[in-house]
Amino acid sequence: MDLYGVNEVQVFEDELRISVNFGGGCEEHEFKLINDNSPVDLGAQQIDVLYLSHNANNDGCFALITEHQLCYDISDLLDGRLLYFQHPDSLYDLN
């Protein structure tokens, strides 16, 4: 997984919108939203922790991409469960 930063995270209707930044500029960067369904003991409450995987495809360029908007349909996760987005330095409550 390659490094990236998070500028902003928001839920708008059924979409998770994540504004990221990263270095590169010569190759296409691939971001995938991952749902970590690791069991968390909170009784009957379901918790989903989402995070991004980032593949920079060996991008050797040095431009700083300061804002890149990613959008993901999370309608299947908006059913009352606790929902979080995790980045190595932050945890965002999406409820």
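The values are calculated or read from the model by the stated rules, or taken from the named source; none is laboratory data. If you're wondering where the values come from, they're calculated on a predicted model, not measured in any experiment. Glycine also receives a Cβ, built like all others from the backbone with ideal geometry; neighbour counts cover every protein chain displayed.
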Practice prompt. Determine whether region 42-49 contains at least one residue that is out of contact with any Phe, Trp or Tyr (no Cβ under 7 Å at 6 or more places or on another chain) and free of Cβ contacts under 8 Å to residues at least 24 places away in the same chain.
Written response: yes
Contact list, first residue from region 50-70 and free of Cβ contacts under 8 Å to residues at least 24 places away in the same chain and closer than 19 Å to residue 7 by Cα, second anywhere and among the aromatic types (Phe, Trp, Tyr) and surrounded by 12 or more Cβ atoms within 10 Å (Cβ to Cβ), beta-carbon distance below 7 Å, six or more apart or interchain, is none
Worksheet entry | Residue check, residue 2 under 14 Å from residue 94 (Cβ atoms), charged (D, E, K, R) and surrounded by 12 or more Cβ atoms within 10 Å (Cβ to Cβ) | no
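Can you name the strands (runs of 3 or more DSSP E) wholly within region 1-78 that have at least 2 residues being touching a Ser or Thr at 6+ places or on another chain (Cβ under 8 Å) and modelled with pLDDT of 95 or more?
Of the strands (runs of 3 or more DSSP E) lying wholly inside region 1-78, those with at least 2 residues that are touching a Ser or Thr at 6+ places or on another chain (Cβ under 8 Å) and modelled with pLDDT of 95 or more span 5-12, 30-36, 63-73.
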Check: Would it be correct to say that residue 59 is surrounded by 15 or more Cβ atoms within 10 Å (Cβ to Cβ) and of a type in the set (Asp, Glu)?
Finding: yes
